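Report on one structure; see the data block that follows.
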Amino acid sequence: MPALTNKKILLGISGGIAAYKSAILARRLIDEGASVKVVMTSGAQAFIQPLTFQALTGNPVHTDLLDPAAEAAMGHIELARWADCILIAPATANTLARIAHGMSDDLLSTLCLATDAPLYVAPAMNRLMWNNPATTANCQTLAARGVQFFGPGTGFQACGETGSGRMLEPEEIRDALIHALNAPTNDALAGKRILITAGPTREAIDPVRYLSNHSSGKMGFAIADAAASMGATVTLVAGPVSLQASADVKRIDVTSADDMLSAVMGEVSDNDVFISVAAVADYRLEQVMDQKIKKSADTMQLSLVRNPDILKSVSSLPNRPFCLGFAAETENVEVHARGKLKNKHLDMIAANNVGQKDSPVFGSDTNALDVYWPEDGHSSIESGSKQDVAKALLELLTKRLKND
Ligand code: PMT
């Protein structure tokens, strides 16, 4: 899954020659799955036309604080609320100074005041301007408020001088943003060892055919990445999916439910938490054919036997970890989820409604969950990217672990 899938990025462009590179940056962010809206200062428009960004992002470019059309609906507040983060590239000395001093007489500086989304800046200016004590003080003020700086780099500058103050290359800014957005927001799971299953299992029929389901692994991988970013040591047992887990997740690839059970049982003893996100096939062939089955008859029957219940096998262990199960339901979500919570002896269960045609869960980039535990009460995690839902679920888990 692209690293910025479903991220809403407000790209602020201020007036420096590096503004031409921001067009490539916008493209690179979109390539990673982000939605990008652009805000340009009047200085930026002297270097590059808004139309370039409109064409690249597919969104209108915002340039004026007092735009009569947009202001009827408090356009700048809407824009500030929309953004998951603001990235200013290039960030000139003037723009940094204005933000540091809380100015709000143009759209970009007003947005920076009107948001609580994280702010990232990629400075670009002449080396003497960058090293000037006024700029240094402004940057220190911003850094103390949590603004993150990408660069600047050192090298040949458009003004003909060489030194510090070059804007980083678009790809470097993109990578720094991906890293910053995925960095731990807290270390609430530090010291915890978490074992997670994800994806479908595949049950062979013959050498070329199998039974499976539509799980893409996205929900489980998002939980694995989020848990690692919250400081946990994560092992991910993944069914056959084409997803990349983050580098700090230990991944074990498996195919069938039996393989998944063996991998889980081999790992579980060291773990504090087991999160069973995999859509394990409930049945497998009683007998897998050695040779490809020939289509000789009009109908055929397959004899199936129950697969082991991996989650129940873990929750039945004498020294079991905290067990968080999932329930994929199409009706009576709470009743069925609570039934599984009880029958599988779980500490917590996250139910997703997979019966809605307009918002499928299997394979999609979004989800919503209702989470239950053995006592009364429950918590709803509203619809959002699987990454956001994963973080919210792990925050709930963290609270339950503290109560445990
Ligand atoms: O992978 P995605 O495309 O992102 O989709 C995510 C998802 C829909 C697969 C995920 O959110 C989800 O709901 N996973 C559980 C799916 C499921 O199999 O639900 P279930 O109600 O059949 O199983 C209940 C629980 O028992 C689950 O935690 C399951 O992992 C576990 N189980 C089920 C059967 C079995 N033989 N062994 C198990 O461990």
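No lab work stands behind these numbers, since they all come straight from the coordinates. Just so you know, these numbers come straight off a predicted model, no measurement behind them. As a convention, Cβ positions derive from the backbone with ideal geometry for all residues, glycine included, and neighbour counts pool all protein chains shown.
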Net charge of neighbours whose Cβ lies under 9 Å from the Cβ of THR154, counting Lys and Arg as +1 and Asp and Glu as -1: +2
Rg/Rg_globular for region 311-404, with Rg_globular taken as 2.2 N^0.38 Å and Rg from C-alpha atoms: 1.07
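Which whole-number percent gives the relative contact order of the chain, counting Cα pairs below 8 Å spaced six or more residues apart? Walk me through the intermediate numbers first.
Details: 835 pairs, mean separation 42.9, N = 404.
Rounded, it is 11 percent for the chain.
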GNM top mover of PRO200, PRO318, PRO90 - the chain, alpha-carbon springs below 10 Å: PRO318
Surface/4 estimate of mean projected area, convex hull on alpha-carbon atoms of region 122-245, nm²: 11.9
C-alpha center-to-center spacing [region 127-146, region 201-261] in angstrom: 46
Over 23 Å [Cα-Cα, region 8-182], rounded percent: 34
Centre separation in Å (Cα based) which lies between region 275-321 and region 5-41: 47
Region 10-89 - percent relative contact order, Cα under 8 Å, separation 6 or more: 40
Residue of ALA158, ALA328, ALA392 that the Gaussian network model of the chain assigns the largest fluctuation, springs spanning Cα pairs under 10 Å: ALA158
Stretch in the chain that is longest and holds no trypsin sites (Lys or Arg not before Pro) that DSSP places in a loop and that have at most 14 other beta carbons within 10 Å: 146-291
Mean separation of Cα contacts under 8 Å, 6 or more apart, over the residue count of region 108-156: relative contact order %: 50
DSSP-loop GluC sites (Glu not before Pro) across region 154-252, with at most 13 other Cβ within 10 angstrom: GLU161
Region 192-256: C-alpha pair distances exceeding 15 Å, %: 48
Average projected area [Cα convex hull, the chain], square nanometres: 25.5
Region 193-403 - convex hull of the alpha-carbon atoms, volume per residue in Å³: 137
